[in-house]
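Novice: The structure follows.
The values are calculated or read from the model by the stated rules, or taken from the named source; none is laboratory data. These figures come from a predicted structure and were not determined experimentally. In this analysis, Cβ positions are derived from the backbone assuming ideal geometry, glycine residues included, and neighbour counts consider all displayed protein chains.
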Amino acid sequence: MTLRSEIINKRKELSTEERIRLSDIITEKVRGLNEYKKADKVLVYADNNGEVATDKLINISLLEGKKVYAPVSLQNFELDFYRVFALDEMEPAAYGIREPLKIEYLKLNDNDVTPDTICITPGTVFDRKCNRMGYGKGYYDRFFARMKIENRIGLAFELQMTDRIDKKESDIPMTAVVTEENIWKIPKN
């Protein structure tokens with residue numbers, strides 16, 4: 001069994017109650033980050049398949065007046081992000097993942113990204129140097145290469161952490177990884 005599938009299976013063993021409890025702790029840790037406090041735009045995934053839950057973070061970000069964007073997966077393994085005004089606007093799409101409405105004027109463009117934009121990123125495995133292993137298709141790596149987001153924050157349960165990930169040249173690390181127990185950051189150049 002690969003590390004990715006092993007961790008996904010461990011994550012799925014969490015009860016719904018435990019997953020939500022740990023996700024709430026992680027949400028509060030994210031809200032305490034300076035990157036989040038300063039954020040003008042919060043790009044955030046809709047959780048699926050036992051990932052750290054993000055609905056609470058989305059709602060809080062909206063209530064705090066931040067511009068919230070969620071991803072839409074495209075057929076060429078690319079992501080576009082669209083503005084979200086309420087959770088109930090999002091509906092299941094590719095892989096059963098909830099996505100926002102694809103309205104062109106609500107799409108995030110290069111010139112919308114500022115140094116204070118943050119991207120809350122899912123993954124299957126993370127290491128303490130903020131490297132990330134996704135689901136193997138490279139959606140987020142392509143997005144980060146295209147959009148140059150300075151604040152890339154991975155969310156994970158502590159059980160998803162490992163000492164070291166063998167990363168590919170195309171893998172773009174997170175600038176921080178937040179779990180219920182720790183916050184790891186890589187120094188900014």
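Novice: Quick check: is even one residue across the stretch 84-96 touching a residue at least 24 places away in the same chain (Cβ under 8 Å) and of a type in the set (D, E, K, R)?
Specialist: Among the residues of the stretch 84-96, not one is touching a residue at least 24 places away in the same chain (Cβ under 8 Å) and of a type in the set (D, E, K, R), which makes the answer no.
Novice: Kindly indicate the residue of the stretch 152-166 that is assigned to a strand (DSSP E or B) and at pLDDT 95 or above and also surrounded by the fewest Cβ atoms within 10 Å (Cβ to Cβ) among those meeting that condition.
Specialist: For the stretch 152-166, the residue satisfying everything is Met161.
Novice: Tell me which residues, restricted to the stretch 96-129, are assigned to a loop (DSSP other than H, G, I, E, B) and out of contact with any Ser or Thr (no Cβ under 9 Å at 6 or more places or on another chain).
Specialist: Pro100, Leu101, Lys102, Ile103, Asn109, Val113, Thr114, Pro115, Asp116, Thr117, Gly123, Lys129
Novice: Do we have Ile149 as of a type in the set (A, V, I, L, M), part of a loop (DSSP other than H, G, I, E, B), closer than 22 Å to Leu62 by Cα and under 13 Å from the mean Cα position of the chain (by Cα) here?
Specialist: yes
Novice: Working carefully through the options Thr121, Thr179, find the one that is touching an Asp or Glu at 6+ places or on another chain (Cβ under 7 Å) and modelled with pLDDT of 95 or more.
Specialist: Of the residues listed, the single one that is touching an Asp or Glu at 6+ places or on another chain (Cβ under 7 Å) and modelled with pLDDT of 95 or more is Thr179.
Novice: Could you say which residue among Lys67, Lys129, Lys102 is farther than 28 Å from Ile8 by Cα, in contact (Cβ under 8 Å) with a residue 12 or more places away in the chain and touching a Lys or Arg at 6+ places or on another chain (Cβ under 9 Å)?
Specialist: Lys67
A quick yes/no check of all residues on (1) of a type in the set (Lys, Arg); (2) touching a Ser or Thr at 6+ places or on another chain (Cβ under 9 Å):
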{"position": "Lys37", "(1), (2)": "yes, no"}
{"position": "Asp40", "(1), (2)": "no, yes"}
{"position": "Ile58", "(1), (2)": "no, no"}
{"position": "Gly65", "(1), (2)": "no, no"}
{"position": "Val68", "(1), (2)": "no, yes"}
{"position": "Val72", "(1), (2)": "no, no"}
{"position": "Phe85", "(1), (2)": "no, no"}
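Novice: Those residues that are part of a loop (DSSP other than H, G, I, E, B) and among the small types (Gly, Ala, Ser), I need them from the stretch 167-189; list them, please.
Specialist: Residue satisfying the conditions is Ser170 alone.
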